[in-house]
Structures are given as structure tokens and as C-alpha cells.
Amino acid sequence: MRIYECADYRAMSRQAANIISAQVIMKPECVLGLATGSTPIGVYDQLVEWYKKKDLSFLRVRSVNLDEYRGLSSTHEQSYRYFMQTHLFDRVDIQPENTHVPNGLAADPDAECARYDQVIQDLGGIDLQLLGMGRNGHIGFNEPSDVFVMGTHLVNLTESTIEANKRFFASEADVPRQALTMGIMHIMQAKKILVVVSGEDKAEAVAKAFTGPVTPQVPASILQIHPDVVLVGDKAALVHLDRKGVIEL
Ligand code: F6R
């Protein structure tokens with residue numbers, strides 16, 4: 001695993017965008033696994049800037065997002081489809097039909113999960129998966145649990161996640177209680193994984209995930225056994241990691 005420690009959020013975003021940009025330049029038709037949340041916003045802003053300068057094109061890129069809230073439509077401002085449209089898709093030349101996000105309004109969530117697994121399989125898997133990380137160590141919405149769930153599945157969000165995400169909604173009661181999320185298998189089958197973390201409230205989860213035991217109670221800990229993971233974080237988020245092996249930028 002490679003760890004890049006960046007001076008601040010802006011530098012973290014730029015470094016992560018550099019890695020995504022390199023992937024797109026090396027393989028223009030690559031499959032990007034994308035994440036939402038506050039951490040990757042700066043990464044998407046940087047990619048848009050390079051696109052506008054004509055340094056980068058997403059014309060042939062295919063994308064699969066990690067997750068979507070159950071019950072939110074694509075036009076709901078807090079849906080992850082809406083997030084992706086506003087932060088990236090509507091700002092670059094990616095083809096709409098090449099972007100995939102689970103359908104939060106599907107009447108039959110199990111059928112939607114099976115469909116989404118098929119989408120990922122038909123794309124030939126993921127070349128580069130971008131991940132944020134929850135304070136409880138979740139990746140996508142794979143919440144702490146007794147088992148790692150393999151495929152796309154419907155999940156009940158934990159109190160900790162509802163609490164963390166209520167900042168985006170009018171009140172805690174408005175936060176959806178369920179989500180559809182890619183499972184651990186497709187995340188782990190991605191050829192490369194890029195994890196972005198920022199801020200001291202992530203520091204404990206980062207330490208547990210990357211230096212603690214591999215356990216479904218800390219879902220991100222499974223990344224320790226992936227052969228090609230890059231962790232890009234700011235100083236605050238990486239504060240509990242052993243300095244050895246950390247590349248400072
Ligand atoms: C979002 C996702 C989540 C977030 C995580 C961290 O697609 O999969 O796992 O990455 O909740 O969110 P932020 O970045 O808001 O702290």
C-alpha cells in the first residue's frame with residue numbers, strides 16, 4: 001500500500017485527482033468506481049478544472065457509483081445521482097449512458113441489486129475505485145457487521161452514519177434509513193483502489209482500518225489485503241499512522 005500525506009484538503013484533492021487523471025489518460029475507456037460524500041468534492045472540482053483546460057477528457061470513460069439512498073429520486077438534491085450530476089457528470093464530457101448509480105426508487109431492491117451487479121460484470125469490473133471512509137470504517141455503505149457482504153445489497157444505515165450524514169438534510173428525521181450499496185467483492189475486485197481521507201474525525205477510523213485486524217466490524221480493514229491500494233490523506237486524518245512508509249507531499 002502507498003500512503004501520501006498531503007499538507008491540507010486542497011493538496012489531498014489534487015493528488016487524488018492526479019491519480020484518477022493518470023488512469024484516464026493511460027486507459028481512456030476505463031471503468032471508474034466513484035464515491036460521493038464531502039471528501040471527494042475537491043477531487044471532482046480539480047478534475048473539472050483540468051477538463052476545462054483540455055488536459056483531460058471523460059468521453060470514453062464508464063463509471064459505476066458505490067451507492068444510493070433508498071427512496072430518493074435522481075432529482076432529489078441529496079441523492080447520490082444528483083450529487084454526481086452536479087459535482088462531475090454535468091461539468092465534463094462523460095456520456096450519460098456510461099454513468100451508473102443504483103436506482104434508489106426501484107420497487108424491488110433485490111432485483112435492482114442483482115441488476116447492478118450485472119452492470120459491473122458487463123463492464124468487465126472496475127479499473128480504479130475511489131473510496132471515502134466513514135467514521136465507523138464503512139466503505140460505500142458497507143456498515144460494520146459480523147460478515148462482509150459480497151454483492152450489491154440493501155443495507156440499514158447505522159446510527160453513526162445517520163448522525164454523520166444529517167448535516168446534508170433539513171433534520172435527522174429526513175435522512176433515509178436504508179441504502180443500496182456495492183458489496184465488498186466488487187470493491188475488492190477493482191484493479192486499483194484510491195482512498196481519500198481528510199480531517200481529524202477520520203483519524204481513528206484510518207488507524208483502525210489500516211493498522212488494526214481485518215474484520216467486518218471495520219469494513220475498510222479488508223483493504224489491507226488488496227494488492228494495489230493508494231491512501232491519500234491530509235495530515236490530520238493520517239496522524240495515528242506510523243510515519244515509516246508515508247510519502248509526504
Ligand atoms: C459515499 C460513500 C461513503 C462515504 C463516507 C465518507 O458514496 O460511499 O462511504 O465515502 O460516508 O463520507 P464523507 O466524505 O462525507 O466523510
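The values are calculated or read from the model by the stated rules, or taken from the named source; none is laboratory data. This structure is a prediction, so every number in the text was calculated from the model and none was measured. Every residue, glycine among them, receives a Cβ derived from its backbone with ideal geometry; neighbour counts consider all protein chains shown. Surface accessibility is based on the protein's heavy atoms, side chains included, excluding ligands, DNA and RNA. Shrake-Rupley method; radii C 1.70, N 1.55, O 1.52, S 1.80 Å.
Brief remarks on what is shown
- DSSP finds beta bridges in the chain, and of those with both partners inside it, around 25 percent are antiparallel.
- Inter-centroid distance (Cα atoms) of region 1-51 relative to region 177-246, Å: 16 Å
- Members of 27/208; 53/208; 52/202; 192/244; 52/208 lying beyond 29 Å, as alpha-carbon distances in this model show: 27/208; 53/208; 52/202; 52/208
- Taking the DSSP beta bridges with both ends in region 81-229, the antiparallel portion is around 55 percent.
- If R0 is taken as 30 Å, the Cβ-Cβ distance between residue 93 and residue 178 corresponds to a FRET efficiency of 0.35.
- Every Cα-Cα pair in region 181-249 was counted, and those over 13 Å apart are 65% of them.
- Rounded to whole numbers, the Karplus 3J(HN,Hα) couplings from phi for region 241-247 are 7, 4, 5, 4, x, 7, 9 Hz, using 6.51 cos²θ - 1.76 cosθ + 1.60 with θ = phi - 60°, and x at Gly and Pro.
- In the chain, the DSSP-assigned H stretches of four residues or longer account for a calculated mean residue ellipticity at 222 nm of -9000 deg cm²/dmol, using -39500 (n - 2.57) per stretch and the full residue count as denominator.
- With the simple spin-label model, which puts each label point 7 Å out from Cα in the Cβ direction, the residue 247 to residue 169 separation comes to 4.0 nm.
- Mean sequence separation of contacting Cα pairs (under 8 Å, at least six apart), scaled by the length of the chain, corresponds to a relative contact order of 26 percent.
- Most mobile listed residue (169, 148, 83) in the chain, GNM with C-alpha springs under 10 Å: 169
- Note on the chain: the C-alpha convex hull projects to 12.2 nm² when averaged across all orientations.
- 91, 60, 10, ranked by accessible area, largest first (probe 1.4 Å): 10, 60, 91
- Anisotropy class of region 1-139 from Cα gyration tensor, a/c 1.5 cut: prolate
- The gain in end-to-end length when the residue 235 to residue 146 segment is fully stretched comes to 28.9 nm, 0.36 nm per residue minus the alpha carbon separation.
- Two-site FRET efficiency, residue 156 against residue 54, from Cβ-Cβ distance with R₀ of 45 Å, rounded to 0.05: 0.50
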